[in-house]
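Let me begin by presenting the structure, written as structure tokens, before commenting on it.
The values are calculated or read from the model by the stated rules, or taken from the named source; none is laboratory data. Just so you know, these numbers come straight off a predicted model, no measurement behind them. Note that each Cβ is placed from the backbone with ideal geometry, even for glycine, and that neighbours are counted across all protein chains shown.
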């Protein structure tokens with residue numbers, strides 16, 4: 001049986017998705033942008049956006065009974081190759097001892113001001 005976690009974002013209902021799906025020991029966290037959790041604004045820097053996205057993912061994993069230490073795969077989407085070093089530094093700080101698999105793509109993100117989107121798969125095993 002699959003369990004779902006919802007953040008309450010209007011897009012979840014509009015686009016028909018959950019913030020996370022728990023399927024047995026596996027937790028799939030949807031792509032997460034880096035808005036400031038206090039006021040919803042989008043920080044200018046890609047590194048700040050990455051930190052916010054990872055904090056949001058950590059909070060979602062906590063609701064699922066896990067944490068970033070349970071990450072087994074990380075997929076990162078950036079809008080410009082110029083953000084690679086800044087975002088990779090944040091990823092390194094977060095995952096250096098965890099070492100999930102990683103995919104990074106340069107692409108468009110359809111939210112104004114968004115430079116980074118991150119999704120994580122975690123395992124409770």
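Looking at (1) buried (at least 21 other Cβ atoms within 10 Å of the Cβ); (2) without any contact (Cβ under 8 Å) to a residue 60 or more places away in the chain, which is the one condition that is false for residue 62? Here residue 62 clears every test but (1). Just checking: which of the strands (runs of 3 or more DSSP E) contained wholly in the stretch 25-111 hold 3 or more residues that are modelled with pLDDT of 95 or more and within 22 Å of residue 3 (Cβ to Cβ)? In the stretch 25-111, the matching strands (runs of 3 or more DSSP E) lie at 26-33, 71-78. The single condition among (1) surrounded by fewer than 16 Cβ atoms within 10 Å (Cβ to Cβ); (2) out of contact with any strand residue (DSSP E or B) (no Cβ under 8 Å at 6 or more places or on another chain) that residue 51 does not satisfy is (1). Considering only residues of the stretch 27-48 that are out of contact with any helix residue (DSSP H, G or I) (no Cβ under 8 Å at 6 or more places or on another chain) and surrounded by 15 or more Cβ atoms within 10 Å (Cβ to Cβ), which is farthest from residue 109 (Cα to Cα)? So the residue we want is 28.
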